[in-house]
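No lab work stands behind these numbers, since they all come straight from the coordinates. As the structure is a prediction and not an experimental result, all values here were calculated from the model. So basically every Cβ, Gly included, is an ideal-geometry build from the backbone, and we count neighbours across all protein chains shown.
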Amino acid sequence: MTKQGDADGDTLQSFVERLNKSHYDMINAMCNTAKHQIQTLQAQEAQQIPSQYVTFSDKLVGEVLNYISVKKEHLIPYVQSLFEKESDGHDCSNCTGTGSCSMQHETRLMEIRQSHRHLTDIISRMQMVMLPLYSGTVHLGLYKTLQNQMALLENSLAALLLFEETHLIPKITEAQTNINARGRGI
């Protein structure tokens, strides 16, 4: 039974802890910084109709915060339980009941893939909304700062997506295989 992950020798649990700190927490902090910038712009524009860019950025940041929250609330506990099952030598082929283990584990992978499609959608909408900065904009410096924050957030989300697809999903699949949770054809 292999509990080694990548070349670093991370267990699944330590890998996810690192993923949480180096990606989820970092993206959460970036969102909070962008949210602060959005609030500053909204306060500056209090007498005007907020720009579509500010409104759209606010919506996207909210979606990203929700995305990260769901990952922290559902994915991390699942991976922790998967790690524990693997460490304890659990064998899902011995599980009985109406909701088979392999079906539950495959559902988790489908949820991760579905969340990746949602993240891809968020990233593409971020790319479409990049604000062209015009010299006549009243709050040019504030807009430019927000635009930079949104670009950093977009890059971090793209890196997270790639990292999860190339490292996390294979690690989860390996752990599921190690506990016989993957049926034929899954």
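Just a few scattered comments:
- Filter result for E84 (within 12 Å of the chain's Cα centre (by Cα) and either more than 27 Å from Y53 (Cβ to Cβ) or charged (D, E, K, R) (or both)): no
- Some residue of the stretch 18-25 being under 17 Å from A175 (Cα atoms), out of contact with any Ser or Thr (no Cβ under 8 Å at 6 or more places or on another chain) and not polar (S, T, N, Q): yes
- Whenever a residue of the stretch 81-93 is at positive phi, its partners that are not in a helix (DSSP H, G or I), lying with C-beta atoms within less than 8 angstrom and at least six residues away or across chains, give the pairs G89/M1.
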